[in-house]
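Here is the structure we will look at, set down as structure tokens.
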Amino acid sequence: MWGGRTRERNPISHAIDVTRPSVARMYDWLLGGKDNYASDRRACAQLLELAPSTRDLARTNRTFLKRVVRILAEKYGVRQFIDHGSGLPTQDNVHQVAQSVDRSARVVYIDNDPMVLAHGRTLLDENDETAVIQADMADTDEIFAHQDVKRLIDFERPVAALFVSVLHCLTDEENPAGLVRRVADRLAPGSFVVICQLTSDDAEFRAEATAFMHRATGRWGRVRERHEVDAFFAGMAIVPPGLMEVSKWLPETDLAPRPRSSEWIEYGGVGQVL
């Protein structure tokens, strides 16, 4: 839900700091995973006191990710995906969803958490159409120059660039809108950009939740307002049904889970590169 962005940008040999909560491992715990430590679980317990709906939010966000990848593959014929801030592998990852539509679909995962890299490479050891790259998601030049990106992604054809629940990890100084534009400018017309991030209409809650995540993880951006997320799609055509709380974006059933609280929501949708 908060992507995979660690406090430091170190090589894979850097030891995992189990005393500092990781956004990727916190998300893993919220989804019922086992790749987390006591520090992550303590931080999640504190966060749930502040925002009891957070576990539901993580699950609806994950469902949105699977749904949007499947729709882009089935309806729009997308066969190439770049997942920025992918987080720890779980069930029905991007490559599993895309390759269930077409086994030749190609996926590149980007994350700078060494634990994500280790687990991802183990999972993908025998999948030649998929790669995990250790890089900061904001390092667009480094990512696009990486040998695995060049091997797997044909930028003359449509690509889906995913920024699912990660842009709130970037501060305003790091310019998330600029990151989206840098990536979109390198994609072929007809490509897609998927964005959602944590938003809240409550200014006091936005400040409190942002401060908590800064204290807990040591590096984070902020909870934003919906109009700020709208601006991330500047210059793109918004794919129907538009920008909204993500559980409402083409749900497979009216009985699909919805957030039970409006403390904060995952807000976004899909833009198409013109």
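Nothing in this text is a laboratory measurement; each read-out follows from the coordinates by a stated rule. Keep in mind that what you see is a predicted model, and the values were worked out from it rather than measured. Cβ placement follows ideal geometry from the backbone for every residue including glycine, while neighbour counts extend to all protein chains displayed.
Can you give the FRET efficiency to the nearest 0.05 for Glu74 and Thr122, using r as the Cβ-Cβ distance and R₀ = 22 Å? Mind dumping the intermediate values first?
Working: r = 29 Å, r/R0 = 1.30.
Efficiency, rounded to the nearest 0.05: 0.15.
Antiparallel versus total DSSP beta bridges in the chain: what percent is that, nearest 5?
Once the DSSP bridges in the chain are tallied, antiparallel ones form about 40 percent.
Given a Förster distance of 25 Å, report the FRET efficiency between Glu252 and Ala188 from their Cβ-Cβ distance, rounded to the nearest 0.05. Walk me through the numbers on the way to the answer.
Details: r = 29 Å, r/R0 = 1.16.
Rounded to the nearest 0.05, the efficiency is 0.30.
222 nm [θ] for the chain, helices only, -39500 (n - 2.57) per DSSP H run of 4+, per residue, to 500?
For the chain, the value works out to -11500 deg cm²/dmol.
If you put +1 on each Lys and Arg Cβ and -1 on each Asp and Glu Cβ, how big is the dipole of the chain around its Cα centre, in Debye rounded to 20?
Value, rounded to 20: 340 debye.
What FRET efficiency would be calculated for the residue pair Ser100, His214, taking the C-beta separation as r and a Förster radius of 45 Å, to the nearest 0.05? Walk me through the numbers before you get to the answer.
Numbers: r = 38 Å, r/R0 = 0.85.
Computed FRET efficiency for Ser100 and His214: 0.75.
Could you tell me which of Ala177, Pro158, Ile195 has its Cα farthest along the dipole of segment 155-203 towards the positive end, charges placed at Cβ (Lys, Arg +1; Asp, Glu -1), taken about the Cα centre?
Final value for the positive-end residue is Pro158.
Among the trypsin sites (Lys or Arg not before Pro) in segment 27-91, which ones are in a DSSP loop with at most 14 other Cβ atoms within 10 Å of the Cβ? Mind listing them?
Lys34, Lys75
Which shape class applies to the chain: rounded if a/c is under 1.5, otherwise prolate when a/b exceeds b/c and oblate if not, where a ≥ b ≥ c are the square roots of the Cα gyration tensor eigenvalues?
Details: a/c = 1.43, a/b = 1.16, b/c = 1.24.
Judged from the Cα gyration tensor, the chain comes out rounded (a/c under 1.5).
Take Asp92 and Ala203, extend 7 Å from each Cα along the Cα→Cβ direction, and tell me the distance between the two endpoints in nm.
3.9
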